[in-house]
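Here is the structure we will look at.
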Amino acid sequence: MRLRDGGRGADAYADAVVTYLAFAVDRLTDRNSTICSWDASRQHVRNVFARQAIPMTWDFTENNPLGASSGSWCNCVSGISRDVEHLPASVDGGAVVQRDARVRVGESAGVVVSTDPPYYDNVPYADISDFFYVWLRKNLSDVWPDELSTLATPKVEELVADSVRAGSKDRAGEHFESGMAGFMATLAANSPAGAPATVFYAYKATETKGGEVRATGWDTFLQGVVDAGLQVTATWPMRTELGNRLVASGSNALASSIVLACRPRSESAALASRGELLAALRGELPESVRALQSGGVAPVDMAQSAIGPGMGVFSRYARVVEADGSAMAVSAALAVINDVLGEVLDGAEAELDAESRFALAWYGAHGHSPGPSGDADSVARAKNTSLAAIVESGVGEARAGKFRLHGRGELREGWSPLHDDRLTVWMAAQHLAAALERSESEAAGLLHALGGHADRARQLAYLLYSKADDAGWAADAAAYNSLIAVWADLRVAAAAAAPTQQTIV
């Protein structure tokens with residue numbers, strides 16, 4: 001009996017081996033194509049799917065499929081064998097089917113659902129799957145004839161916003177919205193009472209087009225959640241993305257996915273006004289943000305991560321009513337959540353010393369470029385300090401009628417907060433970021449020496465990332481994001497250094 005019929009004998013065993021070897025062939029094609037480029041971060045050939053598309057390359061890298069390095073046949077087979085080694089020995093009771101998710105969930109009433117839905121127009125899954133499908137069909141059509149019966153992957157029912165397939169961008173959006181609404185409605189109707197459905201999502205929260213900030217993917221997905229009568233009851237960020245992937249190089253791409261736990265909303269859910277929603281968000285979001293920060297959520301992921309608890313507040317209401325009596329749309333709710341998040345993060349500025357508050361304001365306006373000293377003096381007075389005190393603290397320099405902040409490259413190596421008579425949170429954050437660029441061990445030692453100042457430096461790093469990202473200063477944004485991303489590891493290393501290093505209170 002063959003494997004597809006549930007066999008367990010020699011024929012079924014051979015089918016399984018051939019299937020795994022076909023996967024290895026697919027891995028081989030992914031590393032041996034004229035679309036492959038060079039991955040300088042790891043000094044090896046980058047695969048075709050460095051991003052979720054089949055790109056054009058001006059220059060490609062050739063691999064040796066008969067060698068032993070990345071992209072060779074032996075390496076591909078070894079990778080598949082490691083995967084198989086970690087699979088369960090028995091999968092009795094499990095079933096894998098290719099079917100419309102709306103139909104499948106309806107057939108499985110009472111079953112806990114965990115899903116990673118399509119991301120609007122981000123990934124043309126079926127189209128790019130054809131790259132592998134043609135090789136699978138060539139090698140496995142007699143092993144899996146039903147699954148590989150078509151010349152290419154099925155595409156008509158795929159739930160993505162593909163303007164080429166739909167004929168226009170508007171029709172593509174309508175296809176996605178109606179399909180997602182149908183799936184969510186089916187999910188709500190068939191969810192078991194005692195367990196939530198979990199949804200993984202990693203669509204970047206905001207996009208800027210023509211000066212307008214939009215979040216079409218999140219809008220559509222979350223609108224489907226709310227309209228289906230579901231409530232977001234919990235959220236967790238999960239680090240799911242590789243740091244060396246091409247889309248992350250030189251940008252502040254998302255490193256996390258968000259897991260949303262959803263349950264049917266209570267039939268007795270109350271109505272709320274816009275003001276009541278704002279009050280609830282201002283009361284609950286600060287604690288949620290602190291929990292996310294304590295959990296090591298990087299600044300690049302904070303806006304994305306905060307959507308979860310924010311939508312938890314919004315979706316608990318049967319409806320949020322605008323001033324004109326209309327129901328608040330999810331797009332408007334996301335804008336409100338983002339505004340309150342800004343208030344929460346900006347509120348941390350009050351805990352900074354005067355010199356650091358000045359430096360933060362000046363950085364937002366000028367970065368590390370010089371500006372008129374007169375303007376700097378006015379900002380310093382507004383922050384209850386003086387330009388002389390700013391210069392004396394080492395934050396920046398005033399010369400020839402101009403003032404500028406010192407860059408990290410100008411900071412003195414070996415700086416210690418124990419010997420700084422005018423220690424500021426700004427200098428602590430800058431030296432931490434600079435030390436991390438040199439080595440994690442140096443940054444950990446400095447973190448320990450900073451003592452209680454370290455947490456305020458972390459808060460400042462969040463604020464600095466936000467300003468750098470808004471201004472398009474990718475290098476600065478990446479430096480502050482990296483500092484937060486490894487904060488927990490630095491804490492562990494700093495604790496290990498505690499017996500031998502002094503600390504400042």
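The values are calculated or read from the model by the stated rules, or taken from the named source; none is laboratory data. What you see is a predicted model, and the numbers here were worked out from it, not measured in a lab. Don't worry about glycine lacking a Cβ; one is built from the backbone with ideal geometry, like all the others, and counts go over all protein chains shown.
What do you reckon, is residue 123 of a type in the set (Val, Ile, Thr), in contact (Cβ under 8 Å) with a residue 24 or more places away in the chain, closer than 30 Å to residue 264 by Cα and not in a strand (DSSP E or B)? Taking the combined requirement at face value, the residue satisfies it. In the range 488-495, the count of residues that are in contact (Cβ under 8 Å) with a residue 60 or more places away in the chain and either assigned to a helix (DSSP H, G or I) or among the hydrophobic types (A, V, I, L, M, F, W, C) (or both) is one or more.
Pairing residues of the range 310-332 that are in a loop (DSSP other than H, G, I, E, B) with residues that are among the β-branched types (Val, Ile, Thr) and crowded, with 20+ Cβ neighbours inside 10 Å, at Cβ distances under 6 Å and at least 6 apart in sequence or on separate chains, gives 328/320.
Take the conditions surrounded by 15 or more Cβ atoms within 10 Å (Cβ to Cβ) and not assigned by TED's automatic domain parsing to the domain that holds residue 23 and apply them to residue 170. Does it pass?
Considered against the rule, which asks whether it is surrounded by 15 or more Cβ atoms within 10 Å (Cβ to Cβ) and not assigned by TED's automatic domain parsing to the domain that holds residue 23, residue 170 comes out as no.
Contact map, the range 64-87: residues that are outside any helix (DSSP H, G or I) paired with residues that are aromatic (Phe, Trp, Tyr), Cβ distance under 8 Å, separation 6+ or inter-chain. Pairs shown: 65/73; 66/73.
When residue 76 is tested against (1) modelled with pLDDT of 85 or more; (2) surrounded by fewer than 18 Cβ atoms within 10 Å (Cβ to Cβ), exactly one condition is not met: (2). The residues of the range 361-386 that are assigned to a helix (DSSP H, G or I), touching a residue at least 40 places away in the same chain (Cβ under 8 Å) and not hydrophobic (A, V, I, L, M, F, W, C), listed by number, are 363, 364. Against the condition at pLDDT below 90 and polar (S, T, N, Q), how does residue 141 come out, does it pass? Answer is no for this residue. Of the residues 429, 488, 433, 461, the single one that is more than 24 Å from residue 389 (Cβ to Cβ), under 25 Å from the mean Cα position of the chain (by Cα) and among the hydrophobic types (A, V, I, L, M, F, W, C) is 488.
Applying the criterion of being acidic (Asp, Glu) and surrounded by fewer than 16 Cβ atoms within 10 Å (Cβ to Cβ) to the residues of the range 353-406, the residue that is farthest from residue 461 (Cα to Cα) is 375. Across the range 1-40, what is the total count of residues that are modelled with pLDDT under 90, exposed (fewer than 13 other Cβ atoms within 10 Å of the Cβ) and either small (Gly, Ala, Ser) or in contact with a Lys or Arg (Cβ under 6 Å, 6 or more places away or on another chain) (or both)? Here the count works out to 2. Pairs are defined by a Cβ separation below 7 Å, a sequence spacing of at least 6 or placement on different chains, a first member in the range 339-360 that is within 18 Å of residue 469 (Cβ to Cβ), and a second member that is surrounded by 13 or more Cβ atoms within 10 Å (Cβ to Cβ) and among the acidic types (Asp, Glu); the pairs so defined are 360/349. The single residue among 178, 168, 191 that is among the hydroxyl-bearing types (Ser, Thr, Tyr) and modelled with pLDDT under 85 turns out to be 191. Does residue 297 satisfy the condition of being part of a helix (DSSP H, G or I), touching a residue at least 12 places away in the same chain (Cβ under 8 Å), not acidic (Asp, Glu) and not assigned by TED's automatic domain parsing to the domain that holds residue 424? For residue 297, the condition - part of a helix (DSSP H, G or I), touching a residue at least 12 places away in the same chain (Cβ under 8 Å), not acidic (Asp, Glu) and not assigned by TED's automatic domain parsing to the domain that holds residue 424 - is not met.
Matching residues to (1) within 19 Å of residue 367 (Cα to Cα); (2) crowded, with 22+ Cβ neighbours inside 10 Å; (3) in the same structural domain as residue 290 (by TED's automatic domain parsing); (4) out of contact with any strand residue (DSSP E or B) (no Cβ under 8 Å at 6 or more places or on another chain):
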| residue | (1), (2), (3), (4) |
| --- | --- |
| 432 | yes, yes, no, yes |
| 470 | yes, no, no, yes |
| 476 | yes, no, no, yes |
| 483 | yes, yes, no, yes |
| 486 | no, no, no, yes |
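Candidates in the range 313-335 are the residues that are surrounded by fewer than 20 Cβ atoms within 10 Å (Cβ to Cβ) and polar (S, T, N, Q); of these, the one that is farthest from the chain's Cα centre (by Cα) is 326. With the condition kept exactly as written, say whether any residue in the range 265-275 is in contact (Cβ under 8 Å) with a residue 40 or more places away in the chain, more than 30 Å from residue 183 (Cα to Cα) and part of a loop (DSSP other than H, G, I, E, B). No, the range 265-275 contains no residue that is in contact (Cβ under 8 Å) with a residue 40 or more places away in the chain, more than 30 Å from residue 183 (Cα to Cα) and part of a loop (DSSP other than H, G, I, E, B). Right, residue 423: outside any helix (DSSP H, G or I) and touching a residue at least 12 places away in the same chain (Cβ under 8 Å) or not? Yes, satisfied.
The selection criterion, being farther than 23 Å from residue 460 by Cα and in a helix (DSSP H, G or I), does not hold for residue 340.
Just one of the numbered conditions (1) exposed (fewer than 14 other Cβ atoms within 10 Å of the Cβ); (2) out of contact with any strand residue (DSSP E or B) (no Cβ under 8 Å at 6 or more places or on another chain); (3) of a type outside the set (Lys, Arg) is not true of residue 295: (2).
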